[in-house]
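Everything on this sheet refers to the single structure shown next.
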Amino acid sequence: METSEENFRDSIGTVNEEGKRAWVFPKKPHGKFYKYRKYVSYFLLAFLILAPFIKINGNQFLLFNVLERRFNIFGFPFWPQDFYLFVISMVIGVVFVTLFTVAFGRIFCGWICPQTIFMEMVFRRIEYWIDGDRGAQMRLKKQEWNAQKIKKRVLKWFIFFCISFLIANVFLAYLIGSDQLIRYVTENPLNHISTLISLLIFTAVFYFVFAWFREQVCIIACPYGRLQGVLLDNKSIVVAYDHKRGEKDNGRKKFKKGEDREALGYGDCIDCKQCVHVCPTGIDIRNGTQLECVNCTACIDECNTIMDKVNLPKGLIRYASEDNIEKKTPFTFTPRLKGYTAVLLILTGLLVGMLFLRNDVEATILRLPGQLYEHKGEHIISNVYTFKIINKTVNEIEDVHFELLAPKGEVKLVSGGNFDIPKEGLYESTLFIEIDKAFLKKDKTDLKIGVFSNNTLIETTSTTFLGPRSYRK
């Protein structure tokens, strides 16, 4: 038979017994960890907002242009031809998050996730400023709609909408590029009506998430909470309640001044429920590790404050593993952690090596389909090709031409003389390669072709050349 202590696993904290939304009114956190979280959050907020507007060697620092399949990661441009590098980068990110989850639980959610940062450090703090702390918010919700309530609600909703609009603009800068976004903003919006509609849709989504859906993103929508259940083990360090110390023999008990709790067999938990009231997802950490816990440490700060007030040792709720609480064993670098670390290092080394080997210019020369070869006079054999050159840099490449490096021969462009390749663009056309039959050893000959800019070799590529079988030796 299921005990009452286990009933909490039958539902989530944001849904009541009737299946309706149970609004969470978390108490305003304070304390050492919250102060550290603010430092980390404001740094990451600045990074998230500024990253699409920072450029390195003319490349946007972060760009995720899915429509054109162009990505910039830390200033490195990834074109469709470099998609394998982008995939490796994403795999490294997944392994990195997995490694930290195995070691430290859902710490990414509480300290780094943009959803948590915006919700707790922007929208929630505005709510505390306008509506007040937990008690004031609960009273305001029950209050009749009068001038005071309407004023607070309209002010809060208007500020939430403005911030959502700002976030939508930043989000769009990641997708289409900051230069493109600035151009759209400075020009007449009616000239870019589809972009404006997209911007309003993003604004509505962000407003819905942060004004209403809130912590349910972490509890219901995000799969990471379910993933941690697979990754965590008894050695993972998470935000944990020390039930050994908090419960002891006779369980919890309200604090009574002057009593000897240890002699009476009661634990250090005074059942004040402040850890529950401060939780942004509405859970009771004393029930153990739960998928709703985002490791935000608000309960640690609140419990430490209460322990100070009742002259009991801090750390009743702390970062600890289950083995640390049960067996007092310290954190160890387990074989599983070593395995994830090895995979992470190998993938990172592979990515770094590929980045150094990658060229800023990529040339592709393909023989025209359906075409064989052509005689040009008595000794010359000609093949026709299409070519494409991609310039991955932010500078125009000037005075480009081809030279046949092996075997000897001549490259002739259909378009005539040398050409220029625009920055972050491509040039494609048709060319002929003419080779003396004396250099053709067999019916299919491998060619090595150099791409030159201002007489400097910038890229080499290869293709094949067809000749008549009668010239084979």
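The values are calculated or read from the model by the stated rules, or taken from the named source; none is laboratory data. The structure displayed is predicted, hence computed values, not measured ones. For neighbour counting, all protein chains shown are included, and Cβ atoms are generated from backbone atoms with ideal geometry for every residue, glycine included. Remember, those area values only see protein heavy atoms, side chains included, never the ligands or the DNA or RNA. Shrake-Rupley method; radii C 1.70, N 1.55, O 1.52, S 1.80 Å.
Quick notes on this structure:
- Hey, Leu155 surrounded by fewer than 16 Cβ atoms within 10 Å (Cβ to Cβ), of a type outside the set (D, E, K, R), at negative phi and part of a helix (DSSP H, G or I) or not: yes
- Highlighted here are the helices (runs of 4 or more DSSP H) found entirely within the range 254-355 that include at least 1 residues which are modelled with pLDDT under 85, of a type in the set (Lys, Arg) and surrounded by fewer than 14 Cβ atoms within 10 Å (Cβ to Cβ): 322-327.
- Residues of the range 424-445 satisfying the condition of being in contact (Cβ under 8 Å) with a residue 40 or more places away in the chain, assigned to a loop (DSSP other than H, G, I, E, B) and farther than 20 Å from Arg367 by Cα: Glu424
- Residues of the range 187-236 that turn out to be free of Cβ contacts under 8 Å to residues at least 24 places away in the same chain, open to solvent by 50 Å² or more (accessible area, probe 1.4 Å) and over 30 Å from Arg125 (Cα atoms), as a count: 8
- Filter result for Leu45 (open to solvent by less than 30 Å² (accessible area, probe 1.4 Å), part of a helix (DSSP H, G or I) and at pLDDT 95 or above): yes
- If you filter the range 356-394 down to residues that are acidic (Asp, Glu) and over 48 Å from the mean Cα position of the chain (by Cα), you find that the one that is least open to solvent (accessible area, probe 1.4 Å) is Glu374.
- Some residue of the range 101-124 being surrounded by 15 or more Cβ atoms within 10 Å (Cβ to Cβ), basic (Lys, Arg), out of contact with any strand residue (DSSP E or B) (no Cβ under 8 Å at 6 or more places or on another chain) and touching a residue at least 12 places away in the same chain (Cβ under 8 Å): yes
- Condition broken by Leu457, with the remaining ones in (1) surrounded by fewer than 16 Cβ atoms within 10 Å (Cβ to Cβ); (2) touching a residue at least 12 places away in the same chain (Cβ under 8 Å); (3) not basic (Lys, Arg) satisfied: (2)
- Reported count of residues in the range 29-42, each being buried (at least 17 other Cβ atoms within 10 Å of the Cβ) and over 19 Å from the mean Cα position of the chain (by Cα), is 4.
- Of note, Tyr207 does not satisfy the criterion of being closer than 19 Å to Phe64 by Cα and part of a helix (DSSP H, G or I).
- Listing of helices (runs of 4 or more DSSP H) fully contained in the range 69-123 that carry 3 or more residues being over 28 Å from Asp233 (Cβ atoms): 83-104
- Tabulated pairs, the range 69-83, first at negative phi and among the acidic types (Asp, Glu), second in a strand (DSSP E or B) and open to solvent by 20 Å² or more (accessible area, probe 1.4 Å), C-beta under 9 angstrom, 6+ apart or interchain: Asp82/Phe76; Asp82/Glu362
- Filter pass, Phe53 being more than 21 Å from Leu347 (Cβ to Cβ), surrounded by fewer than 17 Cβ atoms within 10 Å (Cβ to Cβ), over 16 Å from the mean Cα position of the chain (by Cα) and modelled with pLDDT of 85 or more: yes
- When the criteria are applied in full, Leu172 meets the requirement of being surrounded by 11 or more Cβ atoms within 10 Å (Cβ to Cβ) and either closer than 19 Å to Ala46 by Cα or touching a Ser or Thr at 6+ places or on another chain (Cβ under 6 Å) (or both).
- Residue check: Lys244 meets all listed conditions (1) basic (Lys, Arg); (2) within 25 Å of Tyr36 (Cα to Cα); (3) surrounded by fewer than 17 Cβ atoms within 10 Å (Cβ to Cβ) but one, namely (2).
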